[in-house]
Amino acid sequence: MPKPVLKIALDVPLDRLFDYLSGGQSVEIGQRVLVPFGRSSQIGIIMGKADTSDFPIEKLKPIAQIFADEAPIDIETLNLIKFSADYYQYPFGQALLSALPARLRQIAPAVSRKQYAYQLTDFGRAQTIEQIPKRQLVTRRVFEALQAAELITEAALDAISSSARKVAKHLVAQGWASSQQVQATIKTLETSAAIEPQLNEEQALAVQRITQEAQIFKPWLIHGITGSGKTEVYMRLMQHILQQENAQILVLVPEINLTPQLESRFRSRFANISLVSLHSNLSESERLHHWQLAQSGSAKIIIGTRLSIFTPLPNLKLIIIDEEHDGSYKQQDSMRYHARDIALVRAKRLNIPVVLGSATPALESWHNATANKYNLLSLNQRAVTAAQLPNIECIDTTKVNLQQGLTPQLIAALKLRLARKEQSLLFINRRGYSPVLLCTACHWIAPCMRCSSRLVVHLGQRKLRCHHCGHEQKIPQQCPSCGDADLHPTGHGTQRLEQTLAQLLPNARIARVDRDSISRKNALVEILDKVHNQEIDILVGTQMLAKGHDFPNLTLVGVIDTDSALHSPDFRASERLFAQLMQVAGRAGRADKAGQVIIQTQFPEHVLFNALRSQDYVSYANAMLQEREQVQFPPYVFMALLRAEANDFALVQQFLNHAFKLARGFNADVTVYDPIRPQMERLKGMERGHILMQTANRTALQKLLRNLVAELRGQTIAAKVRWTVDVDPLEF
Ligand code: ADP
Ligand code: ZN
Ligand code: ZN
């Protein structure tokens, strides 16, 4: 006789399970069910079975439906999510349900969409690539792939480009190709396996050391400058692990933009291995399909962004975290987890290796490496022997005449690249036309009414826009404060830089990459394709451009105005800036051409730039760590924030004062600071405040938070504000 009471996790903001009756059906832990809840129904996951309940049995309701065809979520995954929910002080049911693909949170049974595969028709086989215009790059690539392989699945098409499916359908409409329905398994593009380069000494050592201890939990930190061949090391490790039968490998990448690139490199190396990606750019049905392939064990390589750390993987044998320092591994709302930290926990529990890679490791990771908690492996040379490190110079903007914000040196360097038919990249971390609209008569600056921020001028649309809340308004004709008509867009953003360049270098082909220009799904891929085809001379863009992209003909990088980060009150600002600049500098001179980096700054002698010029991450990291130790900042202490916001600041104050007293009362081992306002005092119309808690004793902090949250939940004062706990916060 099955146990009558089921303990079920639901997506509700209460940290408890809910009791339902099984109705005599036999069920398993981890199975998905539908249950009545209030006046509607909810999807839940079975977490336990019992003979009794704290509630009178006759008052319990039976579950409405079991999704018996679906595989239950395994215990390892459930436990990992439980651990995370506890650590980040988030209700377990919400954490669990939000880790699932959207389709599994919906009430309909989760059926994967039918999969299709494509092949050339006889007519298609009679055609040649020359018949496809050169501009239609994706079409050409799809056609070539179809010529090379018998049958191409949708997954393989996705690896070519995110618009490849549409192209394939178009080829069918033209009679060049035909489609057929296939089993929902993945068959990858059968390219001839890419040629493996001979590893250099450092790479070989890294591979050897890790493979020697590939059967146990060990965290490895690969510190390798850009282009030092970290990805090659990952691939050798993967090869080694994949020799074990059924082994699965999880590769975490910071952003969706980077997955297609890594994915196609992996696909051409591991031509016969099933590989799936998991990120938010997939359609809901694709995401479900990929997730299920991971869960069933049939996908062997899983490339994903932060959420994929919670994917059920029955045979996980290795976790790789590329660009491990990247801030996007930290979730900034709901459960504020850090995917890298969770990856370490998961690897430890499974007793498998975890490999972190970066050119500029997070100070937390560097600290762990110097303390021998992580095993450090260094790649100090660029892998392609001909590739030289770029020459980095700082130009003092106070000592030269700027032309629209550009130094004569940078303009001359751009002209030289144009003459040599080489490419340039200008990095400016500010989108829009100019960051402020200023009244020259009274110094009024257009503010956002909903945030403590200024409105950014978007001249093309003749709008002022808040980059924090999205508020938008027309550019005023005259100053609202003094009536003067002399309003000036002041300072430079990507749009203005693009315009300036077009004026200065009328023959240059310029492309801008920022969140405004890349809002369409494939816009970035298209621009990057153009860069590769030498159809672009100058790229202007934000940090979106800094990462991962490999442009062999790009020999100049210009950095415009990053000085504000040098003097930011955020103690992590310089760490982030250094990482960013190392990364953009790494874009210059990747192939056989020497690169040049020009940084425009008012502070050319700043220590950060000195470290950058000598490309010396290690001394800079050590210096920053020393500073952090002196002032007792992370990684030398652990922090947590209690954040609160409300329309009325009085409520925030009341709540925080109350929480402050509670927190102070709990534990002497944790320093609880007075409530303060964050730098961004108002955001999206909400008044904000927070309490910082800090300690060298992580367990004490965890205990305090657990007590504090338990007390606060359900108190009326807490119901009047929106409050959240942020453990190991990255932003303040
Ligand atoms: P990273 O990930 O550290 O930036 P990559 O793995 O992308 O570096 O390598 C940079 C370039 O060097 C790539 O084009 C790669 O194919 C090449 N490469 C990597 N290892 C070697 C090697 N041992 N010999 C020759 N080329 C290599
Ligand atoms: Zn004015
Ligand atoms: Zn705003």
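The values are calculated or read from the model by the stated rules, or taken from the named source; none is laboratory data. Since the structure is predicted, the reported quantities are computational estimates derived from the model, not experimental observations. In this analysis, Cβ positions are derived from the backbone assuming ideal geometry, glycine residues included, and neighbour counts consider all displayed protein chains. Ligands, DNA and RNA are excluded from the accessible area calculation, which covers all protein heavy atoms including side chains. Shrake-Rupley method; radii C 1.70, N 1.55, O 1.52, S 1.80 Å.
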| field | For the stretch 238-249, Karplus couplings with θ = phi - 60° (6.51, -1.76, 1.60), whole Hz, Gly/Pro x | value | 4, 3, 4, 5, 5, 5, 5, 4, 6, 4, 10, 10
| task | Please report, in debye to the nearest 20, how large the charge dipole of the stretch 115-182 is about its Cα centre when each Lys and Arg carries +1 at its beta carbon and each Asp and Glu carries -1 there. | result | 300
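Highest mean first, how do 102-108, 322-328, 168-174 rank when packing is the count of other Cβ atoms within 10 Å averaged over residues?
Listed from highest to lowest mean packing, they are 322-328, 168-174, 102-108.
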| Segment residue 490-residue 174, length gained on full extension (0.36 nm per residue, minus Cα span) | 108.5 nm
| query | Counting only Cα, what are the radius of gyration and maximum Cα-Cα distance Dmax of the stretch 193-287, in Å? | reply | 14.3, 44
| request: Return the Cα extents of the stretch 638-727 along principal axes one, two and three, sorted largest first, each rounded to a whole Å. | output: 36, 28, 17
| message | Let's test the formula: R0 of 41 Å, r as the Cβ-Cβ distance of residue 416 and residue 699. What FRET efficiency results, to the nearest 0.05? | response | 0.10
| Stretch residue 215-residue 243 to full length: gain in nm at 0.36 nm per residue minus the Cα-Cα span? | 8.8 nm
| message | For the chain, take N as its residue count and report Rg(C-alpha) divided by 2.2 N^0.38 Å. | response | 1.02
| field | Highest to lowest packing among 282-293, 432-443, 398-409, scored as the average C-beta count within 10 Å | value | 282-293, 432-443, 398-409
| remark: Most packed first (mean Cβ within 10 Å per residue), the peptides 630-642, 576-588 order as 576-588, 630-642
| remark: Under 5 Å from the placed amide H of residue 597, counting only residues 5+ away or on other chains, we find 391, 392, 393, 557
| note | With x for Gly and Pro, the residue-by-residue ³J(HN,Hα) of the stretch 528-541, computed from phi through the Karplus equation 6.51 cos²θ - 1.76 cosθ + 1.60 at θ = phi - 60° and given in whole Hz, is 4, 4, 4, 4, 5, 8, 6, 9, 10, 9, 10, 9, 10, x
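Expressed as a whole percentage, what fraction of the accessible surface of the chain belongs to carbon and sulfur atoms when a 1.4 Å probe is rolled over the protein heavy atoms?
On the way: 15990 of 32300 Å².
Looking at the chain in its full context, I get 50 percent from C and S.
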| Long-range amide H partners of residue 316 with built H, under 5 Å | 248
| task | Order 232, 498, 201, 627, most accessible first, counting only protein heavy atoms with a 1.4 angstrom probe. | result | 201, 627, 498, 232
| the chain, relative contact order in percent, only Cα pairs under 8 angstrom and at least six apart counted | 10
| Label-point gap, in nm, between residue 373 and residue 650 - each point 7 angstrom along Cα→Cβ | 4.5
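Relative contact order for the stretch 375-453 using alpha-carbon pairs under 8 Å, separation at least 6, rounded to a whole percent?
10
How far, in nm, would the chain grow between residue 602 and residue 204 when pulled straight, counting 0.36 nm per residue and subtracting the alpha carbon separation?
Working it through step by step, the gained length comes to 139.0 nm.
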| note | Of the residues 126, 153, 171, the Cα lying farthest along the dipole of the stretch 115-182 towards its positive end, which is defined by charges on the beta carbon of Lys, Arg, Asp and Glu, belongs to 171
| message | From the phi angles alone, apply the Karplus equation (6.51, -1.76, 1.60; θ = phi - 60°) to the stretch 600-607 and give each ³J(HN,Hα) in whole Hz, x where the residue is Gly or Pro. | response | 8, 7, 8, 10, x, 9, 4, 4
| note | To the nearest 0.05, the calculated FRET efficiency linking residue 534 and residue 136 through their beta-carbon distance, R0 being 25 Å, is 0.90
| Expressed as a rounded percentage, what relative contact order does the stretch 528-603 have, with Cα pairs under 8 Å and six or more residues apart? | 42
| note | Per-residue ellipticity at 222 nm attributable to helices in the chain (runs of n ≥ 4 DSSP H, -39500 (n - 2.57) apiece, nearest 500 deg cm²/dmol) works out to -9500 deg cm²/dmol
| note | Amide H neighbours of residue 65 at under 5 Å, excluding residues fewer than 5 places away on the same chain, with H built from the backbone geometry, are 34
